[in-house]
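Structure first, commentary second.
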Amino acid sequence: RHTLLVTGASQGARSINRLMMELVGQARVRHALQRWQVLHLSGPSDVAELRRGYERAEVPARVEAFTDAMGAAWGSATLAISRAGAGSVAEAWANTVPTVFLPYPYHRDQHQRHNAEPLSGTGAAIVVRDMIDARANAKEMSGLLLNLITNDAQREQMVRLMRREAPPDGAEAVAAWLTEHVDAAAKARR
């Protein structure tokens, strides 16, 4: 089965959790998700409620508060809904997972939106404003999510765009930067 990864990062995101319950309450989205499976990393407070909600909707889902195996979670994902912290954006990109980012809505500078811009600016990811209210978010997200779930070609195009935009030497650039700064620090201590 295709897998939808839902994550609000390490602490979870109540607005994303509630959004998902609104979405599985909509017949068209629920029926589409019944052919998929959901891995929902919810944070500690909503686990039981989410498990019951997916079960009632007959959507195959595994709900966990947290996982140390984020590489495996991203590696298993066909599609993701996520916050847009730098780590989450990097993991989506590194694993070429088409992602709908809902940046944390309370940051004054909206820096999470900026984190996702390299991907959203090319069409490799989608950024949606988290309006905090589950119904308002579901209204914005239902058609979008339904299209991404049912449209293999669109997801494949997003994957191609992610691969095209990936820095070809990311690991080398980081290693060179570290080497330069470690060497500079060692020289300064002498």
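The values are calculated or read from the model by the stated rules, or taken from the named source; none is laboratory data. What you see is a predicted model; the values in this text were computed from it and never measured. Here Cβ is always computed from backbone atoms with ideal geometry, including for glycine, and neighbour counts include all displayed protein chains. Keep in mind that these areas ignore ligands, DNA and RNA; they rest on the heavy atoms of the full protein, side chains included. Shrake-Rupley method; radii C 1.70, N 1.55, O 1.52, S 1.80 Å.
Where does each of W93, W74 land when they are ordered by accessible area, with a 1.4 Å probe and the largest first? Can you show the working numbers first?
Details: W93 60, W74 5 Å².
The ranking, largest first, comes out as W93, W74.
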- [ ] Answer rounded, prolate or oblate for the range 34-80, using the Cα gyration tensor with square roots of eigenvalues a ≥ b ≥ c: rounded when a/c is under 1.5, else prolate when a/b is larger than b/c, else oblate.
- [x] oblate
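Tally Lys and Arg at +1 and Asp and Glu at -1 over the other residues with C-beta under 12 Å from the C-beta of Y104: what net charge comes out? Before the final figure, lay out the partial values.
Details: positive: R14, R83, R108, R113, R129; negative: D109, D130.
Within the 12 Å Cβ shell, the charges total +3.
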Open item on the list: Checking a compactness column here: for the range 1-92, what do you get for Rg(Cα) / (2.2 N^0.38 Å), N being the number of residues?
Closed with: 0.99
Open item on the list: Could you compute how fast the range 66-114 diffuses translationally, taking Rh as the Kirkwood radius over C-alpha pairs and applying Stokes-Einstein at 10 °C with viscosity 1.306 mPa s? Give it in µm² per second.
Closed with: 141 µm²/s
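So what's Rg/Rh here for the range 67-153, counting alpha carbon atoms and using the Kirkwood radius for Rh?
Numbers: Rg = 12.8 Å, Rh = 13.4 Å.
Taking Rh as the inverse mean 1/r over Cα pairs, Rg/Rh reads 0.95.
Taking only the C-alpha atoms, wrap a convex hull around the chain and report its volume per residue in Å³ as a whole number.
Working: hull volume 25.3 nm³, N = 190.
So the per-residue Cα hull volume is 133 Å³.
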Task: Computed Kirkwood radius, in angstrom, where 1/r is averaged over Cα pairs of the range 132-190 - done: 15.7 Å
Task: Per residue solvent-accessible surface (Å²) - the range 23-181, probe of 1.4 Å - done: 53 Å²
